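Trainee: Got a structure for you, written out below as structure tokens; questions coming shortly.
The values are calculated or read from the model by the stated rules, or taken from the named source; none is laboratory data. All figures in this text were calculated on a predicted structure; none of them were measured in a lab. Please note: Cβ atoms are built from the backbone with ideal geometry, for glycine as well, and neighbour counts cover all protein chains shown.
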Amino acid sequence: MRKELLKTVKRVVIKIGSRVLTDSNGALDMAVIGIICGEISLLRQKGLEVIVVSSGAIAAGRSELGLTYKPRTIPHKQAAAAVGQTRLMQAYESSLAPHKLKAAQVLLTSEDLGSRQRFLNARATLDTLLGFGIIPIINENDTVVVDEIKFGDNDNLSALVTNVAEAHLLLILTDIEGLYSADPNTHPDAKLIPLVKGISRDIERAAGGSNSSVGTGGMATKVAAAKKAGKNGIATIMVSGKRDGIIVAALEGEEVGTLFLPSDIGLNRRKHWIAYTLRPSGKITVDDGAKNALLKKGKSLLPSGVVQVEGRFERGACIRLCGSDGVEFARGLSDYSSAESIRLVGCKSSEIEGILGYHYGDVIIHRDNLVLL
Ligand code: GLU
């Protein structure tokens, strides 16, 4: 199930909390940032677009200002953030550089995203940066925020950014494995909840409050962020950012952390995305029997119904499905590449392994990844 969902993710927002980015002294943990940037580079190589929402400015500034305590007054926090934000960007720049990646700093306030014009400007800028292959690193513009124009915490900001950027997944990196049935610090028998289908009161209760000396959010703000992203049809995965390889594992659909599924509107939005957002990179012509099974019986597309494969595409690509009259009637994500699909034309599902020497499943396009037009 996770793997299916993750296959459709092309653009991801990764939210990294202060607790992940700092060491036990509250200073930026360059080793952790290095590992995270290495994983971002692996995602880029897989063709994913990555946007980072990073905390850590206040924490970095605090050690820079020589403060041994968490700044409490607003001007202290703002001063710490101003000093720390440049340190934070330096840390990302120097850790992305070995992977030939560049960072861009984007600072936002909630007032910015509340105005349609600024919202659209932010969207256009993010799109353009991603087009250049740059990694946008977003934080709240702490220098100018007062309560009325504050996101409050970067969990909330990250949920809004997934919407601005029209991302397909929010990945929250925090300092514990995921959402537990109770606070694991005080309840040793608390259990990790791998899947949250809907954010009920019980789930909100399990999330409780925050008790950390760095960062402003706790579990409650993370669950609230997942809820907000879910309303826009976006799934959230929460994992421990302190574990090597966790980002890639999460994006590959491994059962790590907690997956929050979006509400039903989500599915519609995903289908909307397959039908209207993705640019098809190939065409598959099917016979009348297959067309009928897809249109009337809710079936998946089997290789036996495929007549012709055109275009060059990778596994997971968006494909136009046409009948023998040449008219497109559906779109879907292909489980096999064009080269593989050509070899499978007209064969039985049971023959796939014999022909390719391996198989990814019995269907060329699974029903869940298919939209009738
Ligand atoms: N903007 C703050 C910072 O960079 C973090 C806020 C938060 O962690 O939620 O330090």
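Trainee: Are there any pairs, at least 6 apart or on different chains, whose C-beta atoms fall under 8 Å, with the first in the stretch 115-130 and modelled with pLDDT under 95 and part of a helix (DSSP H, G or I) and the second surrounded by 12 or more Cβ atoms within 10 Å (Cβ to Cβ) and small (Gly, Ala, Ser), and if so, which?
Mentor: 123/165; 127/165
Trainee: Check whether at least one residue in the stretch 145-158 is more than 26 Å from residue 242 (Cβ to Cβ), small (Gly, Ala, Ser) and outside any strand (DSSP E or B), and report yes or no.
Mentor: Checking the stretch 145-158: not a single residue is more than 26 Å from residue 242 (Cβ to Cβ), small (Gly, Ala, Ser) and outside any strand (DSSP E or B).
Trainee: Tally up the residues in the stretch 131-153 that are over 15 Å from the mean Cα position of the chain (by Cα), touching a residue at least 12 places away in the same chain (Cβ under 8 Å) and within 16 Å of the ligand (Cβ to nearest atom), please.
Mentor: The total comes to 13.
Trainee: Just name the residue that is surrounded by the fewest Cβ atoms within 10 Å (Cβ to Cβ) out of those in the stretch 298-323 that are without any contact (Cβ under 8 Å) to a residue 40 or more places away in the chain and touching an Asp or Glu at 6+ places or on another chain (Cβ under 6 Å).
Mentor: 307
Trainee: Continuing with the same structure: Identify the residue in the stretch 58-75 that is within 12 Å of the ligand (Cβ to nearest atom) and either in contact (Cβ under 8 Å) with a residue 40 or more places away in the chain or surrounded by 22 or more Cβ atoms within 10 Å (Cβ to Cβ) (or both) and, among all such residues, is farthest from residue 29 (Cα to Cα).
Mentor: Selected residue: 70.
Trainee: I've got another one for you. Quick check on residue 365: is it under 20 Å from residue 46 (Cβ atoms), among the aliphatic types (A, V, I, L, M) and within 25 Å of the chain's Cα centre (by Cα)?
Mentor: no
Trainee: Can you tell me how many residues within the stretch 277-297 are without any contact (Cβ under 8 Å) to a residue 24 or more places away in the chain and either hydrophobic (A, V, I, L, M, F, W, C) or assigned to a strand (DSSP E or B) (or both)?
Mentor: Count: 2.
Trainee: Sort through 90, 78, 85 and tell me the only one that's away from the ligand (no atom under 11 Å from the Cβ) and either part of a helix (DSSP H, G or I) or modelled with pLDDT of 95 or more (or both).
Mentor: None of the other options fit; the residue is 90.
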